[in-house]
1. Could you tell me which residue of segment 136-156 is nearest to LYS174 (Cα to Cα), considering only residues that are of a type in the set (Gly, Ala, Ser) and modelled with pLDDT under 95?
2. Give segment 21-65 a look and list any residue that's of a type in the set (Phe, Trp, Tyr) and within 21 Å of ASP192 (Cα to Cα), or say none.
3. Say we look at segment 312-331 and pick out the residues that are modelled with pLDDT of 95 or more, surrounded by fewer than 24 Cβ atoms within 10 Å (Cβ to Cβ) and of a type in the set (A, V, I, L, M, F, W, C); which of these is nearest to the ligand (Cβ to nearest atom)?
4. Output the residue which, of all residues in segment 364-397 that are within 11 Å of the ligand (Cβ to nearest atom) and outside any loop (DSSP other than H, G, I, E, B), is surrounded by the fewest Cβ atoms within 10 Å (Cβ to Cβ).
5. Grab the helices (runs of 4 or more DSSP H) fully contained in segment 405-478, keeping just those with 3 or more residues being on the phi < 0 side of the Ramachandran plot and either over 24 Å from the mean Cα position of the chain (by Cα) or of a type in the set (S, T, N, Q) (or both).
6. When only residues in segment 332-363 that are near the ligand (Cβ under 10 Å from one of its atoms) and not in a loop (DSSP other than H, G, I, E, B) count, which is farthest from SER31 (Cα to Cα)?
7. What single numbered condition from (1) touching a strand residue (DSSP E or B) at 6+ places or on another chain (Cβ under 8 Å); (2) part of a loop (DSSP other than H, G, I, E, B) fails to hold for VAL203?
8. Checking the structure you have, find out if any residue of segment 297-311 is farther than 24 Å from ALA567 by Cβ, away from the ligand (no atom under 16 Å from the Cβ) and not small (Gly, Ala, Ser).
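The values are calculated or read from the model by the stated rules, or taken from the named source; none is laboratory data. Predicted model, so just to flag it, every value in this text is computed and none were measured. Cβ coordinates were reconstructed from backbone atoms using ideal geometry, including for glycine residues, and neighbour counts include every protein chain displayed.
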Amino acid sequence: MCGIIGYIGTENAVPIILDGLKRLEYRGYDSSGIAIMNNDGFTVVKQKGRLSALEELVSRKPIEGFIGIGHTRWATHGEPSDINSHPHLGNQNKIAIVHNGIIENYKQIKERLEQKGISFVSQTDSEVIAQLAESYHTGDIVETIIRTANALEGSYALGIICLDEPDKLVAIKKDNPLIVGVSEHGNFIASDVPAVLAHTNKVYYMNDKEIAVLTKTGVEFYDMDGEPIHKEPEIVTWSLDRAEKGGYEHFMLKEIMEQPRVLKDTIQSAIGDGDNRRIIESLDISRFNRIVITACGSAYNAGMVAKYVFEQLCRMTVEVDLASEFRYKDPIVDKDTLVIIISQSGETADTIAAMREAKRRGATTLSIVNVIGSTIARETDYTLYTIAGPEIAVATTKAFSAQLVLLYILAVSFAGKLGKISKETEEKLLEDIASLPDKATGMLERIDPVQKYAATCVGYKSIFFIGRNIDYAIALEGSLKLKEISYIHSEAYAGGELKHGTISLIEDNTLVVAISCCERLYEKIYSNVEQVISRGAKVLFIGNCIKAVPGERLEIIELPDINELFAPSLSVIYLQLFSYYVAANKGLDIDKPRNLAKSVTVE
Ligand code: F6R
């Protein structure tokens, strides 16, 4: 995820773009840059690090111009560095672009262009857009953008300026957001409304494959045949604070809603033509006799889910250890162990210590990390990146979901390499995984039942989560999510464990959230549900194989069908929403729960 902005008008574009980038920094902050076009051509200033570094640079060497584009980056292809920062230029310095998205066929395009003698300076997928646009440029920028977009596979929101047409700023999008803002003094493109709200609240929301051509005085829209299209502007009535959250009340809800996109991008990176795929393919699992997973909090819960998937598919022992325990326990790992380290931030102190301990003992380390260039990503032997973009809410949602799909794909790949599953089964499993984003989208269109039920749950002092097998693993995450943001005490149990102690806590009107996506264990979990109901509990039963009928004490929320191994990716969405709406109904500070920090860099 990155943020883009562009301005063309009667005022100096530089402060306008820098201010807009500040409002987009939540979309990425590992580098930023700006390109201004004036009579001398392009002036490009770009720099690794937070936006303040770019501001500092610009203030030392002021630039001026009435048309420009800016970018704040969250690296996906190519490490955060000055050279990989946007804007990118073509070889002849005629076209400058900013891009938010992922170009899936960039390698093929790059090879083609390199054969024609075009040289590349960065490791990004985005640079191919500038080079390709320049190679196609005929003098008509709309034609150029159409040809370029037709050659691109993947997702993009693009801002383009061209020296041959210095009175135009052009934009197009596919699968990534882009708005056009219009004001008295000039016109804007941006990834999101907050970037332009200081200047105007009159915006056009762009649809996929629509082209916007902005001049100082107006904007025109075209389709992919170059035909003009009519669009109506909308007046934004949100406050700036609300606009920064994409219109949602909290970043957590926004991030929950982003999950279909995140799943799609992360899956694509691992089974399409992405860096994750190359790493997964290069791993020789037959070298190892054991897998150990270590992480903290939700990342640990992702590891718990993965244990079931790896063991089921690879028939290999997998141990999951809390990083804070692993580091002090004289762990049994050696050169024959693959240690998988999971961390959104890549900076969690306990997880870093566990990783270093594993390395010290000679293990091969593989990390699953969201933040490119973070300590864990740098120090492990192999790194897979979740393509979740920056996560702002303290409670993780989208990064957790991205971790799960990478772990599934890793498990399927290992099982194939170990000969534990046939090629057909491998393909079928990957198809099941690839179906998750659409299923998640469908679920997010039907959140009413969860929202309404959660509104009735604010008074509970304690809520239990139960499940069996892999449903138990995801119950752990449901319970953690609830307690961290709603401050309601909560525990997760394997359904079969209830009778060994916990059932004594069940009394009149205790709430139990039961998860059921393992059809073969349905009767078992249902008997747990009956046991707690008969002791006075109320049950929220979430699953895709439930045969019971709802009753006074039993609420049922259906999930889409999916292979049980991958069902946690669906059940977790309603568990996240359940926690979110309980906390929202309690009026709590959901994005910053008390006593918690996003990145726990101390022991
Ligand atoms: C829970 C949560 C935490 C983190 C944990 C590890 O919502 O966010 O439990 O999962 O602190 O953090 P990372 O993944 O950054 O290592």
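1. Restricting to residues being of a type in the set (Gly, Ala, Ser) and modelled with pLDDT under 95, the top hit is SER155.
2. If the condition is that a residue be of a type in the set (Phe, Trp, Tyr) and within 21 Å of ASP192 (Cα to Cα), then TYR26, TYR29 are the ones that fit.
3. Selected residue: LEU322.
4. Here the residue is THR375.
5. The qualifying helices (runs of 4 or more DSSP H) are 423-434, 448-455.
6. Across segment 332-363, the extreme among qualifying residues is ASP350.
7. Result: VAL203 fails condition (2) only.
8. Checked against the condition, which is being farther than 24 Å from ALA567 by Cβ, away from the ligand (no atom under 16 Å from the Cβ) and not small (Gly, Ala, Ser), segment 297-311 yields no hits at all.
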